[in-house]
1. Just for the range 173-225: of the residues that are within 16 Å of the ligand (Cβ to nearest atom) and within 18 Å of residue 23 (Cα to Cα), which one is modelled with the highest pLDDT?
2. So, of the residues in the range 234-249 that are within 16 Å of the ligand (Cβ to nearest atom) and aliphatic (A, V, I, L, M), which turns out to be nearest to the chain's Cα centre (by Cα)?
3. For the range 70-109, give me the residue count where each residue is within 25 Å of residue 268 (Cα to Cα) and modelled with pLDDT of 90 or more.
4. Of the residues that make up the range 123-144, is at least one surrounded by fewer than 21 Cβ atoms within 10 Å (Cβ to Cβ), away from the ligand (no atom under 16 Å from the Cβ), within 27 Å of residue 251 (Cα to Cα) and modelled with pLDDT of 70 or more?
5. Please give the helices (runs of 4 or more DSSP H) falling wholly within the range 174-257 in which 2 or more residues are surrounded by fewer than 22 Cβ atoms within 10 Å (Cβ to Cβ) and basic (Lys, Arg).
6. Looking for something within 16 Å of the ligand (Cβ to nearest atom) and in contact with a Cys (Cβ under 6 Å, 6 or more places away or on another chain) - is there at least one such residue anywhere in the range 250-264?
7. With respect to residue 340, determine if the residue is among the charged types (D, E, K, R) and in a helix (DSSP H, G or I).
Amino acid sequence: MGITNMIKIDVYEKPENAKKVFQAYYNMIKKSIPFREKDIAEAVTHRFMSEYNYELGMKPEEVANNSEKDLTYEEYLENYPELKYIENYPELHKFLFPTDSTDLTKKLSIENLGMLLCGYMDEKNIKELRTNCFPKEERESSTSYFNDENGKEEQDQNKKKETLGQLLMKNVFRYKAMSEKKELVYKFVSTLNVQVCPYCNRNYISVVIDEESEDDKKKFKTRPPLDHFFSKSKYPFLAVSMRNLVPSCGVCNLEKHDNDNNILYPYKEGLGENYSFRIMTDKSIRYILGQNDVDFHIEIKENIARLSDIDSDYKKRVKESSETFVWALNYEFSKKYVLRVLKNRYYFNRTFQEDIVKGMPGIFSSVGEVQQLLNIKLRPQEEDNEEPLSKLTRDIYNSLELYDDI
Ligand SMILES: [Zn+2]
């Protein structure tokens, strides 16, 4: 059994956070992709306003910090020659420049650019993007459109062949150009403020910047990998798309790789309370507590009480995800931790905790602090982004009432 994102990333649901993220994101991409700054700013703010029904606090031209004049399509191509690659993708081209192709004054669709840059990559939107950006026959085929033979025409015969997708990513949706702007990427990732991997809830992810250092290489020490929920190889036009970038731990990033088959999407959904960790054993809990060795398994189960909330598509995504992330094997490593939590919970009961507070008033000011020390302070679901194993701890603790022997 395996589970992918356990934890939903809720950063965009808090407007004050979303605002900071949108601005950090705009700063990060504005020089990476070949569109006018003003258009990118307009696309980002347009999307933001339609979702949150309030403004970024500044007008797009102020965000872009200049007042470029409108360009005709011809002038566009002159200024941003990289855009000619988009002409190789008739559907994508039509999506971005939707007016008649014979009309040389055709304009960039700000709304569609906004969708590409910061739309939620959920099933409905991705379907719409696929429909609008892929040729029909390729959409229905399992092979990648971007291995299209046309790509060869662009190649120097002596060089390694590049697919159209690679060209598109290199020249238009330029992930590499973006990721080289370390300071801006670090800023964006730290604004997301996701502290624990949403795919596993086991590993911390941290942004470490050495403010003292002048040298960029030494200054930007570490940041979590940004997982492309929809892979760069199959969806190069989503390479720098804000909600396609999921900060994750190195292990999950590696395990997921290019797999984007209908798994749970962390910006929209997590396991929540629909599924819970359970201790599986044929022994009693009291017996387990007396042992120093682990004598149980951890599994994740559907919550019977919530079955009516679990629709079959969601269930499928959970199952599909499970094959990607080898959850069972990973959580095997947490069994000693669970045993410790169980022992702490059982032996250091409420009376003991209160006695500690009374006995050491200078050290503990509340029972909560003692519980924190013992790893038995339960965190609410909203804080799962801040503490590894918080879902496991909460679920195991809450499920103990199911066992009647303690
Ligand atoms: Zn992870």
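The values are calculated or read from the model by the stated rules, or taken from the named source; none is laboratory data. Keep in mind that this is a model prediction, so the values were computed, not measured. Backbone-built Cβ (ideal geometry, glycine too); neighbour counts: all protein chains shown.
1. Restricting to residues being within 16 Å of the ligand (Cβ to nearest atom) and within 18 Å of residue 23 (Cα to Cα), the top hit is 189.
2. By that ranking, first place goes to 246.
3. So the count comes out to 0.
4. Yes; the residues of the range 123-144 include at least one that is surrounded by fewer than 21 Cβ atoms within 10 Å (Cβ to Cβ), away from the ligand (no atom under 16 Å from the Cβ), within 27 Å of residue 251 (Cα to Cα) and modelled with pLDDT of 70 or more.
5. 182-192, 216-219
6. Initially, the range 250-264 is screened for residues within 16 Å of the ligand (Cβ to nearest atom), giving 250-257, 259, 263-264.
Keeping just the survivors that are in contact with a Cys (Cβ under 6 Å, 6 or more places away or on another chain) gives 252.
Yes, some residue in the range 250-264 is within 16 Å of the ligand (Cβ to nearest atom) and in contact with a Cys (Cβ under 6 Å, 6 or more places away or on another chain).
7. On the way: among the charged types (D, E, K, R): yes; in a helix (DSSP H, G or I): yes.
Here the answer is yes, as residue 340 does meet what is asked.
For every residue, the table says whether it meets (1) farther than 28 Å from residue 206 by Cα; (2) without any contact (Cβ under 8 Å) to a residue 24 or more places away in the chain; (3) outside the structural domain of residue 200 (by TED's automatic domain parsing).
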site	(1), (2), (3)
296	yes, no, yes
365	yes, yes, yes
371	no, yes, yes
394	no, yes, yes
